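Beneath this line is the structure, given in structure tokens, with notes to follow.
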Amino acid sequence: MATRTKVGMSLEITHLGSGSRGNSTLLQSGESKVLVDCGFSGKQIEKRLARIGVQPESIDAILLTHHHTDHAKGAEIFQRRHGAKIFANFTTCANIGLDPVNQCKLFESLERVQVTQDISVLPVPVPHDDAENVGFIINSGTGKRAAIVTDLGEPTDELIRHLKGCAHISVEANYDAKRLALGPYPESLKTRIAGRGGHLSNLQTSLLLEEVLSEQTKSVVLCHLSEKNNAPHIAESEVLFRLDNWSGDLRISTRNGPEFSHWIGQEEAELITL
Ligand SMILES: [Zn+2]
Ligand SMILES: [Zn+2]
């Protein structure tokens, strides 16, 4: 387990794992701990938290982007076992069969949600399949913002506006267009992934980052890489190719988290030594 130094007024962002087998990201501020998505089994989330010394009972809230199992699978069981509050929009809540009155704190897109004492988020809607998916822009009293956005067919102007100036951006780079086209998926699935309601390709992600990144953004994490239609070195080189003027920290979140943390209010990423 890594030794950590406490930093006042900071937000720590740790990817517990990402990809089609499950997604979850831990946010830790001075006062609270929040999961963005809970797409692993309850047991798997507990195991991944244990690796970084976080008690499951200390998680205050789970924020759900959308209802797909790779984002929401473990939310209800984690709530039942450890009492974390689930925040979701009405469609997501209904789609995973939660009672919107007793089991969920409902939020609306583009309305600020106070999740805990010192963490608030702005849910920004993004186009994705049959889901009412959102990306989250996170505020934690540091005066700087972080963004987590995955599962979108294309970036909207609204999303681009909110990503600009964020100190940290976690964004999906789901597939390499050539690998998807030549790969094993049936044509209908290929069309869906590449369509407006599907996922971002490495090229789309790199163009998005090229548009939103400035020196204010200190770190970027590429997430939700397809195991069949992408590879970390391909995603990384496609993005770096377009970002030669940007000097921040670029990392890839894989299915095997947690591997690293980023801090807002502290520029270096911290490697987790297990
Ligand atoms: Zn999805
Ligand atoms: Zn997903």
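The values are calculated or read from the model by the stated rules, or taken from the named source; none is laboratory data. Nothing here was measured: the structure is a model prediction, and the numbers come from that model. For neighbour counting, all protein chains shown are included, and Cβ atoms are generated from backbone atoms with ideal geometry for every residue, glycine included.
Are any residues in region 119-152 of a type in the set (D, E, K, R) and at pLDDT below 95, and if so, which ones?
Residues of region 119-152 that are of a type in the set (D, E, K, R), as a first pass: 129-130, 132, 144-145, 151.
Hits for region 119-152 are ASP129, ASP130, LYS144.
Do we have any residue at all in region 181-191 that's within 18 Å of the chain's Cα centre (by Cα) and within 16 Å of ligand 2 (Cβ to nearest atom)? Spell out the reasoning first.
First, pick out the residues of region 181-191 that are within 18 Å of the chain's Cα centre (by Cα): none.
Taking every residue of region 181-191 in turn, none turns out to be within 18 Å of the chain's Cα centre (by Cα) and within 16 Å of ligand 2 (Cβ to nearest atom).
Scan region 146-158 residue by residue and report those that are more than 13 Å from ligand 2 (Cβ to nearest atom) and surrounded by 23 or more Cβ atoms within 10 Å (Cβ to Cβ).
Taking region 146-158 first, the residues more than 13 Å from ligand 2 (Cβ to nearest atom) are 146-147, 154-158.
Hits for region 146-158 are ALA146, ALA147.
Which of the residues that make up region 30-50 are part of a loop (DSSP other than H, G, I, E, B) and either within 15 Å of ligand 1 (Cβ to nearest atom) or crowded, with 21+ Cβ neighbours inside 10 Å (or both)?
Of region 30-50, the ones part of a loop (DSSP other than H, G, I, E, B) are 30-32, 37-41.
Matches in region 30-50: ASP37, CYS38, GLY39, PHE40.
Give region 120-135 a look and list any residue that's part of a loop (DSSP other than H, G, I, E, B) and either of a type in the set (A, V, I, L, M) or surrounded by fewer than 24 Cβ atoms within 10 Å (Cβ to Cβ) (or both), or say none. Quick ask: steps written out before the conclusion?
Our first condition is that a residue be part of a loop (DSSP other than H, G, I, E, B); within region 120-135, this holds for 126-127, 129-130, 132-133.
The answer is VAL126, PRO127, ASP129, ASP130, GLU132.
Answer with yes or no whether ARG81 is away from ligand 2 (no atom under 16 Å from the Cβ), of a type in the set (D, E, K, R) and in contact with a strand residue (DSSP E or B) (Cβ under 7 Å, 6 or more places away or on another chain).
Spelling it out, it is not the case that ARG81 is away from ligand 2 (no atom under 16 Å from the Cβ), of a type in the set (D, E, K, R) and in contact with a strand residue (DSSP E or B) (Cβ under 7 Å, 6 or more places away or on another chain).
Of all residues in region 64-78, how many are without any contact (Cβ under 8 Å) to a residue 60 or more places away in the chain and in contact with a strand residue (DSSP E or B) (Cβ under 9 Å, 6 or more places away or on another chain)?
Taking region 64-78 first, the residues without any contact (Cβ under 8 Å) to a residue 60 or more places away in the chain are 64, 69-70, 72-78.
Still in the list and also in contact with a strand residue (DSSP E or B) (Cβ under 9 Å, 6 or more places away or on another chain): 64, 72, 74-76, 78.
Qualifying residue count for the region: 6.
Please verify whether region 55-63 includes one or more residues that are away from ligand 2 (no atom under 16 Å from the Cβ), within 22 Å of ASN133 (Cβ to Cβ) and touching a residue at least 60 places away in the same chain (Cβ under 8 Å).
no
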